[in-house]
Amino acid sequence: CNSCSKTIKSTNGYTNVINHLKRYHPTYETDAEAAPHTPNLLPLRLVDQATTDMFRWLEWTVMDCLPLTFYGREMVRRNTKLPRVSARTMKLYLDRMVVAVVPVIIKILPKRYGIVLDG
């Protein structure tokens, strides 16, 4: 449980989790709905489905070095469970990701470093 840090055993399904929430956290549904809009109300980290889906598309793009034309292919659209996304939308989110990530990389990397090519 993220609210009280109690470990809940479950052999299958979520029955024990739901019973725990109903018994020890009767307002869990209201708290969970308000959590994304109220910072630090609960130690819950809830992410909406649209954000999760976009993250999956971005992860797939970056990790497999895919072109932006990849998303318009019929086979991709037919064989993925992710919702459709356009190349324009992907470019927008990739640009936003670069803006967010570059300052972190600059902060982490030392001022001077060397690159060694082996082989």
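Checked against the criterion of being surrounded by 10 or more Cβ atoms within 10 Å (Cβ to Cβ), more than 17 Å from ARG56 (Cβ to Cβ) and of a type in the set (Val, Ile, Thr), segment 79-87 contains not a single residue that satisfies it.
Checked against the criterion of being touching a Leu at 6+ places or on another chain (Cβ under 9 Å), more than 21 Å from VAL101 (Cα to Cα) and modelled with pLDDT of 80 or more, segment 3-14 contains not a single residue that satisfies it.
The rows are residues; the columns are (1) modelled with pLDDT of 85 or more; (2) not assigned by TED's automatic domain parsing to the domain that holds SER10.
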{"site": "ARG23", "(1), (2)": "yes, no"}
{"site": "TYR28", "(1), (2)": "no, no"}
{"site": "VAL62", "(1), (2)": "yes, yes"}
{"site": "THR89", "(1), (2)": "yes, yes"}
{"site": "LEU92", "(1), (2)": "yes, yes"}
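Scanning segment 62-115 for residues that are within 19 Å of THR51 (Cα to Cα) and part of a loop (DSSP other than H, G, I, E, B) gives THR80, LYS81, LEU82, PRO83, ARG84, VAL85, SER86. Checked against (1) modelled with pLDDT of 90 or more; (2) outside any helix (DSSP H, G or I), HIS37 passes all but condition (1).
The values are calculated or read from the model by the stated rules, or taken from the named source; none is laboratory data. These numbers come from a predicted model, not from an experiment. Backbone-built Cβ (ideal geometry, glycine too); neighbour counts: all protein chains shown.
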